Amino acid sequence: MEAKSNSSFPNYGWVVSFAGFFMHLCLGTMYCWGTFTPYITSYLRKYDSSLGYSDTIICFLISPLAQAIGMPIGGLIERRLGPRITSLIGSLIMSFGVFISAYMTTVSSLMFTYGILYGIGMGIAYMCPIKCGMRWMPDRKGVVSGIVVTGFGLGGAAFNIIGAWICNPNNVQGTPFYGNDVARNVPKMFMVLGTIYAICTCIGALLLRDPTSEEARALAASNGHTADEEKPILQPSDHPKATDGVDLLGLLRDPRGYLLWAMMMCSTSSGVLVVGTYKSFGASAGMSDALLTMIGSLSLCFNGAGRLAYGALMDSIGYSKAMMICFFSQAVIASFFVSTTFDGLVYTACVCAMIANYGANFPMFPTVTATLFGTDFVAQNYGFVFLGFAAGSLLLKACLSSTLMSYSMVVYVTAVASAVAGFGVLALTPAQQKKIA
């Protein structure tokens, strides 16, 4: 049982949302990989000089799969122990995975600590503040989701700078790898960051609590309408009210569940590619480490801003229109990415725009999942949808490692995938939505 609070009702929903934002600042540091990968790869090359960026990127790409595994586990724990305890469990697993990475010297061991442990802990804690906030503000699902996951996007911006300051305080240029003067600082970076993550996430988790029975009744009485219904592109009369209790088995019986899975795989692919490779790609064009670190931090600010903006946009115009704006614009921008390295400002603008649209996926898909299938089982249901993101990440790794596809070709494939996701929104027609399960 969650402890009761004397917090004034109903404003505590905002406290939950911003506590979740604070937690996600650390949970979202998986996006630091683009900045950290030259340091980490250089460190691991001390033990295996044959390693390259295409080998170590698996540590980043395995995280979404581990996160997807952690989400339904977190959902089951949360239904028994509440959001506060569940968040603490996930946060401590995640922080421990980062801290213990300081002692790893191989790709496989780092993949376990910085990929799997980190990802599972992140997945357990990820949905707790979102689900808790939606219980407090059921008519503002998009805003709640947007506020919380904005932290996920912004966290990397701050920790990019901290990590670069620890590892490369003198702004030494990698060619393309760093010497021991930079690489030797990687274990220290993991230990410092793991400690900070544990402190910050635990503070945020302790502020989470569900509404009491009295507060829940007052919430129900104050909501005379269902504001989270989709504002459709076609006929509103064909659009039914979503129920609040479809579990994972119900979702698996509904073709929309698989459609959302495929859409998430396609819509996130270009963003994953840029997050994981923008620094090495920019460095190959002669850009400095300091400039690329700045681009990484700035782009993650856009990551956070995109999440908040699209969360509010969904509540304003409905998820169909918001998703189509995001996915089709991403397809256009990604088509120009490989040709932007001629100028640092143009490259910065392109990376920022792509990562803003990429970040928008993460308030949109949990909100759509909650809208179509209800909030009661949203952690488990979104965990399944999120597997599309994980599958796309692993497929991307295979493409980058293939000798049959150049980097430019992979970028263009992800642009097409974003467009496919946009057309997928049209398949969520009112006629298909007449039955939830």
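Using beta carbons and a limit of 8 Å, which pairs, at least six apart or on different chains, have the first residue in the range 254-275 and on the phi > 0 side of the Ramachandran plot and the second one surrounded by fewer than 20 Cβ atoms within 10 Å (Cβ to Cβ) and among the hydroxyl-bearing types (Ser, Thr, Tyr)? Note: no pairs meet the criteria. In the range 107-139, of all residues being crowded, with 24+ Cβ neighbours inside 10 Å and hydroxyl-bearing (Ser, Thr, Tyr), the one that is nearest to the chain's Cα centre (by Cα) corresponds to TYR126. Here ALA353 passes the criteria (1) closer than 21 Å to ALA417 by Cβ; (2) open to solvent by 10 Å² or more (accessible area, probe 1.4 Å); (3) in contact with a Leu (Cβ under 8 Å, 6 or more places away or on another chain) except the one numbered (3). Scanning the range 367-408 for residues that are under 19 Å from the mean Cα position of the chain (by Cα), at pLDDT 85 or above and surrounded by fewer than 22 Cβ atoms within 10 Å (Cβ to Cβ) yields PHE384, LEU387, ALA391, LEU395.
Checking SER49, SER42 one by one, the residue that is of a type in the set (S, T, N, Q), farther than 25 Å from ALA390 by Cβ and in contact (Cβ under 8 Å) with a residue 60 or more places away in the chain is SER42 and no other.
Kindly indicate the residue of the range 36-64 that is β-branched (Val, Ile, Thr) and closer than 17 Å to ASP181 by Cα and also nearest to the chain's Cα centre (by Cα) among those meeting that condition. Once the filter is applied, the top-ranked residue is THR37. For the range 206-226, indicate whether the set of residues that are assigned to a helix (DSSP H, G or I), open to solvent by less than 30 Å² (accessible area, probe 1.4 Å), in contact with a helix residue (DSSP H, G or I) (Cβ under 6 Å, 6 or more places away or on another chain) and modelled with pLDDT of 85 or more is non-empty. There is no residue in the range 206-226 that is assigned to a helix (DSSP H, G or I), open to solvent by less than 30 Å² (accessible area, probe 1.4 Å), in contact with a helix residue (DSSP H, G or I) (Cβ under 6 Å, 6 or more places away or on another chain) and modelled with pLDDT of 85 or more. For the criterion of being assigned to a helix (DSSP H, G or I) and in contact (Cβ under 8 Å) with a residue 60 or more places away in the chain, ILE100 passes.
The values are calculated or read from the model by the stated rules, or taken from the named source; none is laboratory data. Just so it is clear, the model here is predicted, and its values are computed rather than measured. For neighbour counting, all protein chains shown are included, and Cβ atoms are generated from backbone atoms with ideal geometry for every residue, glycine included. With ligands, DNA and RNA removed, areas are computed over all heavy atoms of the protein, side chains included. Shrake-Rupley method; radii C 1.70, N 1.55, O 1.52, S 1.80 Å.
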